[in-house]
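Reading through the structure tokens given below for one structure.
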């Protein structure tokens, strides 16, 4: 009979983590829209502090094994404005706040990522690559835009994909360079199938829905359910700038909108708050999904709400 020590070492080897508990959890934190331009950008520049937007909540976010958010607009100093009067482009120095806060994956599939054209998007790729921050939903070509980023934490592999239906079709085609991933089930479902082959869990981020609506619509629900049916384990949405419902559907979970995270939109009760989504993964499956309410200071810093 093997000794107790030998059995313990064998169990640790099988688990893939020497001396670590076999049932240890992986904690994922998701936040909503991060906009580092306009009013937020002016405040950072005036203070000379490019980490300022995250200062009040950084310690909370540091608890995550993986931190994921939506980067609302490009970061760079090139390109020409091609969007509306509400166009965003953050100073390259704003990357410091993202890296010091510990963001691991950022979604770029949103309606503002093309506000300053291909040059600013190329700047964004370069700056995030240099900072070691993964990005999804956009890439130098169609293939990269639709490729899952896979993060492995404590032996669990998690694939991330991202899409939007709020951007011109001209930048979402197979021939587009660079390209943004479009929210079309004919494109998304095959991407999920590929991601499932690479990872234990698949997470899909969606920039969708109606602005300032606190409840999701039937179209969102149909899409989210179809993605779970296709194999996604978690769907996380943003764009409405306000929080929406969280739902369990079969074995998957859907957060329809987390609302804002860093944004200069303190003009209503609903836009002055948002959600952080906390997801606990255990034994390579989602164990719990919880939300934490946040509110924003007068200078747009997110802080926790204790209720």
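Readers should treat all values here as calculations from the given coordinates under stated rules, not as data from a laboratory. Quick caveat, the model's predicted, so the values are computed rather than measured. In this analysis, Cβ positions are derived from the backbone assuming ideal geometry, glycine residues included, and neighbour counts consider all displayed protein chains.
Values computed for the structure shown
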item	result
Backbone N within the range 168-200 under 14 Å of label point (7 Å from residue 153 Cα along the Cβ vector)	200
Tilt relative to the chain, helix 218-230 - C-alpha long axis, 0 to 90 degrees, to 10	30 degrees
Modelled FRET efficiency - R0 22 Å, residue 80 with residue 166, Cβ distances, 0.05 increments	0.60
Residue 229/residue 173 FRET efficiency (R0 35 Å; Cβ-Cβ; nearest 0.05)	0.85
Cα shape, the range 18-304, gyration tensor, a/c 1.5 rule	rounded
Sorted peptide list for 116-126, 296-306, 237-247, 28-38, criterion being average Cβ within 10 angstrom, highest first	28-38, 237-247, 116-126, 296-306
Packing-based ranking, highest mean first, of 256-263, 274-281, 40-47 given that Cβ atoms within 10 Å are counted	256-263, 274-281, 40-47
For the range 140-215: rounded, prolate or oblate by the Cα gyration tensor [a/c cutoff 1.5]	oblate
Rounded to 10°, Cα long-axis angle of helix 4-15 versus longest principal axis of the chain	30 degrees
For the range 24-79 versus the range 170-248, the gap between their alpha-carbon centres in whole angstrom	22 Å
Cβ-derived FRET efficiency at R0 25 Å, residue 284 paired with residue 63, nearest 0.05	0.75
Prolate/oblate/rounded call for the range 70-171, Cα gyration tensor, a/c under 1.5 rounded	oblate
Sum of -39500 (n - 2.57) over DSSP H runs of 4+, divided by residues of the chain (222 nm, nearest 500)	-7500 deg cm²/dmol
Gain upon complete extension [residue 295, residue 99; 0.36 nm per residue less C-alpha separation]	68.3 nm
In nm, spacing of pseudo-spin labels at residue 251 and residue 45 (7 Å Cα→C-beta vector)	5.1 nm
